[in-house]
Amino acid sequence: MRLYENEAKTVFEREGIAVPRALGVFERSADLRGSVGPDAPVMLKALVLIGGRGKAGGVRRAAGRAEAVSFATEMLGLKIRGYSVERLLIEEAVEAIGGAAYVGVTMNPADFNVTVIVSPAGGVDIEQVARETPEKILKVELPGNDEVLPEAEAVRLTAFLASGLPGGAAQADALKAVVSKVYAVFQKYDCKVAEINPLLLTATGPVAVDAKIVLDDNGLYRQEGLFHLMGLATARHDVSEPTRNEVRARAAGFRYVDLLAEDHKKDPEKLYVGLVPGGAGYGIFSIDEVANIGDRFFGGRVIPVNFMDSGGGPTVAQVAEMFDLLFDDEVVDLVITSRFGGISSCDVFIRGLVGCLRERRKTGRCVVPVVGRMVGTDLPSARDFLERAKRETPGELEDMKITVGNQKIMADVIREGIRFAFDRKGWV
Ligand code: GDP
Ligand code: MN
């Protein structure tokens, strides 16, 4: 569970790390008037659960009340990478007298060691620092899982940080305290990430100008005190805001996850593949399979766009909606489907698919090639239905190639499907 910036700052402050003075959290710009002084410089910060707000207009500095109200009006309602800005954190602006540091604690997912990362090149994306100037990052793995950062490591991390940071030497002790406290927060609250970026050096010492905490959901049951501190009754389930497709799938009663951002710019050289798999496991597998086959045989020009899971026993209408959703998504060039009928029926599946294609043709809506295989429960009646449908309305079903039974492995079905779509586009 990710905490909002103001919540993370509450946690850090409680553990003794200095944070900017907050003037409040606001949902309407007019409400700022009573809280911001006429000439008091303030920071306006969008409370959204995503980083990189600065670059997207989600962090702004106002010189005083009038500007703060006008900036707030612009920021509320803004969308930052799919997250709408509904609340703003307003803080007194902090004046830096030295550099900006990065201090983060996380866990190495490979060996579960707690990892402390510091850099004197804070303020920007730490991934960018890692790529462009890796010598400006010190990463220390701590296999001991100690509750307190061991003194020797604290000294080593601080020396690296203080020496690279303008003004750092004079505040070395305070920096060491901050690094140790971020580590302590990480351990005490069962975090996956505890991070300050940037930590600004000010006349009164280092101040955590931005704060990020992601709690490990497996540890939430022992964090009652933290929930209380933040005024939350239960865990929030707001990892991200659902996309249009996700909302639509939820309404229709099946699970769906978009793999691309909603504002993804379509690459005209690539083939975007929507997936209607049988179940959740196969759904995950087919994402990899499509990408791997694309890499191996099609020069890496194939991009899977979604995860989907019908759950056991969807209705004909639900199956049709699963395909409709992908056909309506203008990014999709090809749909690959696999019905492995266990609880679900092949007969229901094929009626849903054929019905969807016929209806779309009748109403002049877009159809892209759909290729797949069906195996399992109710296969004989599904085959009969499919053969009759193709005899009756061949034109309406010309974009569909469904292999009936087990004579082909899915890898071949996927490869042939991609070939079919490439041929349609006249690609080699
Ligand atoms: P992020 O882009 O989502 O990580 O948002 P941040 O809270 O890190 O803000 C982006 C940038 O704004 C920071 O890297 C700082 O450079 C700057 N910033 C934010 N708050 C303050 C402040 O109080 N004083 C100063 N001088 N800069 C700030
Ligand atoms: Mn930041």
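Brief remarks on what is shown
- For segment 49-66, taking the residues that are in contact with a strand residue (DSSP E or B) (Cβ under 9 Å, 6 or more places away or on another chain), open to solvent by 40 Å² or more (accessible area, probe 1.4 Å) and away from ligand 2 (no atom under 16 Å from the Cβ), the one that is nearest to Lys265 (Cα to Cα) is identified as Ala63.
- A single entry from Ala154, Ala194, Ala159 fulfils the requirement of being under 12 Å from Val118 (Cβ atoms), of a type in the set (Gly, Ala, Ser) and open to solvent by less than 10 Å² (accessible area, probe 1.4 Å): Ala154.
Here's the yes/no breakdown for (1) within 29 Å of Gly219 (Cβ to Cβ); (2) within 15 Å of ligand 1 (Cβ to nearest atom); (3) within 26 Å of the chain's Cα centre (by Cα):
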| position | (1), (2), (3) |
| --- | --- |
| Leu23 | no, yes, no |
| Ser29 | no, no, no |
| Gly34 | no, no, no |
| Lys45 | yes, yes, yes |
| Lys55 | no, yes, yes |
| Val69 | no, no, no |
| Ala72 | no, no, yes |
| Val85 | no, yes, yes |
| Val103 | yes, yes, yes |
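So that you can scan it fast, the table gives a plain yes or no per residue for (1) in contact with an Asp or Glu (Cβ under 9 Å, 6 or more places away or on another chain); (2) open to solvent by 20 Å² or more (accessible area, probe 1.4 Å):
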| position | (1), (2) |
| --- | --- |
| Phe349 | yes, no |
| Val354 | yes, no |
| Glu359 | yes, yes |
| Ala382 | yes, no |
| Glu416 | no, yes |
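- Segment 294-310: number of residues that are open to solvent by 20 Å² or more (accessible area, probe 1.4 Å) and in a loop (DSSP other than H, G, I, E, B): 3
- Test: Glu95 is acidic (Asp, Glu), assigned to a loop (DSSP other than H, G, I, E, B), away from ligand 2 (no atom under 15 Å from the Cβ) and modelled with pLDDT of 90 or more: yes
- In this entry, Phe323 passes the filter for residues that are closer than 22 Å to Lys425 by Cα and among the aromatic types (Phe, Trp, Tyr).
Results for (1) within 16 Å of ligand 1 (Cβ to nearest atom); (2) in contact with a helix residue (DSSP H, G or I) (Cβ under 9 Å, 6 or more places away or on another chain), shown as yes or no for each residue.
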{"residue": "Val193", "(1), (2)": "yes, yes"}
{"residue": "Gly219", "(1), (2)": "no, no"}
{"residue": "Thr243", "(1), (2)": "no, no"}
{"residue": "Glu262", "(1), (2)": "no, yes"}
{"residue": "Tyr272", "(1), (2)": "no, no"}
{"residue": "Ile284", "(1), (2)": "no, no"}
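The values are calculated or read from the model by the stated rules, or taken from the named source; none is laboratory data. These numbers come from a predicted model, not from an experiment. Reconstructed Cβ throughout: ideal geometry from the backbone, glycine too, with neighbour counts over all protein chains shown. Keep in mind that these areas ignore ligands, DNA and RNA; they rest on the heavy atoms of the full protein, side chains included. Shrake-Rupley method; radii C 1.70, N 1.55, O 1.52, S 1.80 Å.
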